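Okay, structure first, notes after.
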Amino acid sequence: MREKYEAFKLLLRYDARCHEQMAEFQDLLHGDRREDISRIRIRFDLFSDQIAGMVSCLETMAPGKYVTLKDYHKKFDFYVRFLLAPPEIDISPPFVLPLNEINSAYKNIGNKAKNLAILKNELDAPVPQGFAVTSNSFHYFIEYNNLREKIDDLLSELNIDSTHSLDWISGQLMERILTADMPPDIEQAMLACYDELEQAANRKVITAVRSSAISEDGECSFAGQYTTLLDVTREKLTGTYLKVLASKYSPEALCYRIRNGLSDEETAMSVLVLEMVPAKSSGVLYTRSPLHEAGQGDKLYLHVIRGLGEALVSGAIVPDQYILTREEHPRILDRKEKYRAVTEKQVEILGRWGMSIEKYFQTSQDIEWAIDNDDTLYFLQSRPLHISAPIEVPPEREVVEKDLVVVFDGCERAAPGVAAGEVYRIDDNHKLENVPFGAVLVTRDTPPNFVQVINRLAAVVAERGSRASHFATVAREFGVPFLTGSTNAGTILEHGSLVTVDGDQGAVYQGEIESMIRKDAPHSEKNQYHRTLKEVLGFIAPLELIEPAAKNFIPEGCRSMHDIIRFCHEKAVQSMFSTGRPGTGRGALKLVADLPLDVFLFDVGGGIAAGKQESGDVPFAEITCVPFLALWRGLDHPDVQWKQKPFDWDAYDKIELAGGIPPARDSFAFASYAVIGSDYLHFNIRFGYHFTIVDVLCGESATENYCMLRFAGGGGDFDHRSLRIDFITSILEQLEFAVEKKGDMLEGRLAGLESSVMQDKLDMLGRLLGATKLMDMVLENEQMVILCVDDFFNGRYSFSQEG
C-alpha cells in the first residue's frame, strides 16, 4: 500500500509538470517568445522523461495491466525527436570547391556561392573568380574542436528578448570559434585554391570573403546578418575564414535564425571567397517590385551608388533609382539621379541580364552587381526576391482618410503595412537595446543589427536608406512597415508621440488610426519555427481520450502524449479510488474517537504522529492527516446527529433505529477504513446499506490537489435512493464539484484548490455525508429535495428524525 501510494504521489507530480510543460510548448507556438531548437530539444527531453515516469508509476500501481502503454510513448517520442533532429552531418571532403566545379546538385554549398556558380557556368554571366569552402568544413571544424555540446549548452540558455543575454551568449560563442584550432586539412585546401586563383591571374589576388551559409538566400534571406570582409590577402585568409564562421553567432544572426525557427546545424556556414572587384559603381537590381504594388509589378527596379555597395545595403545612403520595363530589351521609364554613377547603356545591360537571370531561376530576383574602373560588369549575388503579400485596404479606410492629420508623406515605401505606436527616437539618450514593445522606431539609418529588436517594433521610419537595403529585406520578411527617405523625421517626430505609420502610402499620421491597421497573420505563423512547433505539438497536445468510460479509453486509443498523460492520471486515480481493504488488520490501527463509527487506519507515512505502534488503537488526537481531519471536522459538526442503539445487523428496521450505523465489530467486513498520509486520504465509509469512498490529496501544490467522491447504495427503493442522489448532487455542484450521476450512484470531482480552500470543502463534505445517512427513507419527491438543499445551506445537517 505504501509503495502504491508513493507511486501515486510521484505520478501526480509528473502529471502537474507535464501540463505545465505542455502549456509552455503552446506558448512557444502561439506567443511572441522564441527559443533555439537546442532548448526545445531539452524541453522535450524533460517532458518525455516525465511521461515515461508516469507510465512507470502506473505500472507500479497496476502491475502488468497496461503493458502496451510504453510502446505508444516510445512511438510518439520517436516522431517528435525525428522532427527536432538536426540534419545529417557530413564531415568528409571535399572541403573546398572552385566555382567552376559547383552545380545545383551540391547540398554542402550555400545558395550565395551556388547561385553565382550557376550564373558563371550555366549562363556565362560575368562573375569574379573564386571558390567556396563547403559546409562539411564547418561541421569538421566543430567536431575537430569538440564544440557541438558547448555550443548547444550555450544556445539552450539564450534569451533573444534580452539584450544582455544575447550579447553575453554571442560573445561566448564567437570567442570559442575564434580561439579554436584550424584543422590543417581545411587550411591546406583553402590555400591551395587561393594559389590557383593567383596562378590563373598571374598576379597577387585580393579577395572578398563572404558568408554563404546553408539556408541563407533562400526562404530566409539572412540579409546582412553575417559578416563580409574585404581586401583579404592569402596571409589573412585563415583568420578571416574564422571571423566569418564566428559571425554565425553574432547577436543579429542568432536573433534572426531563432526567430525563423532554424537550428544551428541547419545553417552550417559555407564560405565564399571571390576576387575583389574595385568598384567604380555598384548596386542592387530587383526584377520586380518587392511591395506587390498594383500596376508596378511589371517593372525592373535598379538602385545605384558610387563605389562599393556596403553603404547601399547598410541603409546609410539614398541611391540613384531607375525604373525599367520588363522586356527582352528593357527601357528606362523613370529615374531619380544624384550620383549619375552609370550610363544609360549600362542600365539597359543590367536590365537585360536581370530578365535572363529571372528566366533561368523561374522566380523574381534580388541581384547585387558592381562595375569596375574598366567598366566591366560583375555579378556578386543573386537570390530570390521576397515580395510582400498583396495590399488589402480595409473598407473603413476611405471613410477616415478625409479626417487624417498628416505629419509628413512622400516617403519611399520600403516595407508595406500599417501600424501605430509611440515614437522611439534613437539618440544618445535612447539606445537601441531599450526599445519598448510596440514602438515606432525613428532613426537616421538602419544597419542590419536592428534585427535584434525587430520583434518589438510596430514600424520603422528612417531618414536615409532605400528599399534595397538589407534591413528593408528583413522588415518585409517580418511584416514590419518601413519608410525611408523621410529627411527630417528625427526632428518632426517627437519622442513618445503616438503616430500611425502607413507603409502602403508612404505617410505618417498623427495618433492611432485603428480602422487603417490590417490584422495580418503574424510572421510567426508563416515561418519554419511555427511549422516545426505545430508539427511537434501535433504529437503532444491533441486530446482524444476524454471519456474514461469510452471504448477507446485504452492504451491502444492513445493518439498523442497528452492522451498518455490523461490515461495514466485517470487510471492511477481509479486505482487509488478502488483500493481494496488493507488486508486483515495487519498493520492497521483502530481509531478511537467520539463518533459511532468503526474506522481502521493504515498509515502510509505522516498520517499519524511519529512513534505510534504499528497495530492497536490510536486516539483521534494522534491523527496528523490534513484531509482526514478536515473531513472528520464536518462529520463531527455539533448539528450532525449520531445515535447507536442495539439492533440486529440483518434487520433493516433495526438499522433505521440505529440511525444507519452498523454495529461495532473489530472486522473490516462491517467497518470503515482509511488509508492516510500527511496530505492524502482514501476513506471507505460504510453507512448501513450504502457506502461512500472519498479520495483526497490536500498538500502544498494546488495543481496536484483533488477530491474524488463515490456514493452508492442504500436501504430504500431505487426511486428513493435516486432522490437522495439528486440531493447530494445539488449540494456538491454548489460546492463546485463536477458530478456525474449514474442511477442511484454518483461520482464527484474537485481539483486545483489551495490546501486551505480544499479543507473548507472537505468540512462541508463531512457535514453532507453526516446529513444523508438515512435520507433515502425520508425524501418523497423533487420538491422535497429542493427544500432540503436550501435547509442544508442554512445550517441544517440532520434530516432523518423529522422525516
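The values are calculated or read from the model by the stated rules, or taken from the named source; none is laboratory data. Computed from a prediction, not measured in an experiment: that's the story for all the values here. Don't worry about glycine lacking a Cβ; one is built from the backbone with ideal geometry, like all the others, and counts go over all protein chains shown. Heavy atoms of the whole protein, side chains included, go into the accessibility calculation; ligands, DNA and RNA do not. Shrake-Rupley method; radii C 1.70, N 1.55, O 1.52, S 1.80 Å.
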- Query: What is the number of the single condition among (1) more than 27 Å from the chain's Cα centre (by Cα); (2) closer than 23 Å to F222 by Cα that D428 does not meet?
  - Reply: (2)
- Item | Hey, S515 over 20 Å from T60 (Cβ atoms), at pLDDT below 90 and assigned to a helix (DSSP H, G or I) or not | yes
- Listed residues R288, R340; which is within 38 Å of the chain's Cα centre (by Cα), surrounded by fewer than 24 Cβ atoms within 10 Å (Cβ to Cβ) and either assigned to a loop (DSSP other than H, G, I, E, B) or at pLDDT below 95 (or both)? R288
- Query: So which residues in the stretch 531-556 are under 24 Å from the mean Cα position of the chain (by Cα) and closer than 22 Å to V67 by Cβ, if there are any at all?
  - Reply: F539, E544, L545
- Name the strands (runs of 3 or more DSSP E) wholly within the stretch 411-497 that hold at least 1 residues that are of a type outside the set (A, V, I, L, M) and either within 27 Å of Q321 (Cα to Cα) or open to solvent by 20 Å² or more (accessible area, probe 1.4 Å) (or both)? 412-415, 418-425, 439-443, 482-484
- Kindly establish whether A507 is hydrophobic (A, V, I, L, M, F, W, C), touching an Asp or Glu at 6+ places or on another chain (Cβ under 6 Å) and within 30 Å of D366 (Cβ to Cβ). yes
- Query: (1) more than 18 Å from the chain's Cα centre (by Cα); (2) surrounded by 20 or more Cβ atoms within 10 Å (Cβ to Cβ); (3) within 30 Å of K150 (Cβ to Cβ): which one isn't true of S48, the others all being true?
  - Reply: (1)
- Message: Tell me the residue from V406, V399 that is modelled with pLDDT of 70 or more, of a type in the set (V, I, T), more than 30 Å from G110 (Cα to Cα) and open to solvent by 50 Å² or more (accessible area, probe 1.4 Å), please.
- Response: V406
- Message: Can you find, within the stretch 155-164, the residue that is farthest from D264 (Cα to Cα) among those that are under 19 Å from the mean Cα position of the chain (by Cα) and in a helix (DSSP H, G or I)?
- Response: S156
- Query: Within the stretch 768-785, which residues are in contact (Cβ under 8 Å) with a residue 12 or more places away in the chain, farther than 30 Å from C625 by Cβ and either open to solvent by less than 30 Å² (accessible area, probe 1.4 Å) or part of a helix (DSSP H, G or I) (or both)?
  - Reply: M777, V778, L779, E782, M784, V785
- Query: L765 versus (1) hydrophobic (A, V, I, L, M, F, W, C); (2) in a helix (DSSP H, G or I); (3) touching a strand residue (DSSP E or B) at 6+ places or on another chain (Cβ under 6 Å): which is the lone unmet condition?
  - Reply: (3)
- Could you figure out which of (1) more than 42 Å from the chain's Cα centre (by Cα); (2) open to solvent by 40 Å² or more (accessible area, probe 1.4 Å) isn't true of T233? (2)
- Item | Extreme residue, farthest from G506 (Cα to Cα), among residues of the stretch 434-452 that are β-branched (V, I, T) and without any contact (Cβ under 8 Å) to a residue 60 or more places away in the chain | V435
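Report yes if G716 is assigned to a loop (DSSP other than H, G, I, E, B), farther than 25 Å from L12 by Cβ and of a type outside the set (K, R), otherwise no.
Considered against the rule, which asks whether it is assigned to a loop (DSSP other than H, G, I, E, B), farther than 25 Å from L12 by Cβ and of a type outside the set (K, R), G716 comes out as yes.
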- Query: Quick one: how many residues across the stretch 736-746 are surrounded by fewer than 18 Cβ atoms within 10 Å (Cβ to Cβ) and either of a type outside the set (A, V, I, L, M) or touching a residue at least 24 places away in the same chain (Cβ under 8 Å) (or both)?
  - Reply: 6
- Note on the structure: Of (1) in contact (Cβ under 8 Å) with a residue 12 or more places away in the chain; (2) open to solvent by less than 50 Å² (accessible area, probe 1.4 Å), K70 satisfies every one except (2)
- Which condition does Y529 not pass, out of (1) modelled with pLDDT of 90 or more; (2) in contact with a Lys or Arg (Cβ under 7 Å, 6 or more places away or on another chain); (3) surrounded by 23 or more Cβ atoms within 10 Å (Cβ to Cβ), if it passes all the others? (1)
- Item | Residue check for L242: of a type outside the set (S, T, Y), touching a Cys at 6+ places or on another chain (Cβ under 8 Å) and open to solvent by 10 Å² or more (accessible area, probe 1.4 Å) | no
- Item | Condition check for R721: open to solvent by 30 Å² or more (accessible area, probe 1.4 Å) and modelled with pLDDT of 90 or more | no
- Query: What's the number of the condition M182 fails, among (1) at pLDDT 95 or above; (2) under 36 Å from the mean Cα position of the chain (by Cα)?
  - Reply: (2)
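Listed here are the residues, each with its yes/no results for (1) surrounded by fewer than 21 Cβ atoms within 10 Å (Cβ to Cβ); (2) more than 24 Å from D152 (Cβ to Cβ); (3) without any contact (Cβ under 8 Å) to a residue 60 or more places away in the chain.
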{"residue": "I42", "(1), (2), (3)": "yes, no, no"}
{"residue": "M54", "(1), (2), (3)": "no, yes, no"}
{"residue": "C57", "(1), (2), (3)": "no, yes, no"}
{"residue": "Y66", "(1), (2), (3)": "yes, yes, no"}
{"residue": "N100", "(1), (2), (3)": "yes, yes, yes"}
- List pairs: first in the stretch 419-433 and touching a residue at least 24 places away in the same chain (Cβ under 8 Å) and charged (D, E, K, R), second assigned to a strand (DSSP E or B) and open to solvent by 50 Å² or more (accessible area, probe 1.4 Å), Cβ under 7 Å, 6+ apart or cross-chain? E422/L498
- Task: Inspect all residues belonging to the stretch 251-269 and state whether any of them is open to solvent by less than 10 Å² (accessible area, probe 1.4 Å), closer than 15 Å to S170 by Cβ and of a type in the set (G, A, S).
- Result: yes
- Task: Kindly check whether there is at least one residue in the stretch 751-762 that is among the aliphatic types (A, V, I, L, M), in a helix (DSSP H, G or I) and in contact with a helix residue (DSSP H, G or I) (Cβ under 9 Å, 6 or more places away or on another chain).
- Result: yes
- Message: Going residue by residue through the stretch 657-673, is there one that turns out to be under 21 Å from H569 (Cβ atoms) and either at pLDDT below 75 or crowded, with 22+ Cβ neighbours inside 10 Å (or both)?
- Response: no
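In the stretch 347-372, which residues are of a type in the set (S, T, N, Q) and part of a helix (DSSP H, G or I)?
S356
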- Message: Let me confirm something: among K112, K75, which residue is within 38 Å of the chain's Cα centre (by Cα), under 23 Å from S215 (Cβ atoms), of a type in the set (K, R) and not in a loop (DSSP other than H, G, I, E, B)?
- Response: K112
- Task: Inspect all residues belonging to the stretch 291-311 and state whether any of them is open to solvent by less than 10 Å² (accessible area, probe 1.4 Å) and polar (S, T, N, Q).
- Result: no
- Query: touching a strand residue (DSSP E or B) at 6+ places or on another chain (Cβ under 8 Å) and acidic (D, E) - does that describe any residue in the stretch 198-209?
  - Reply: no
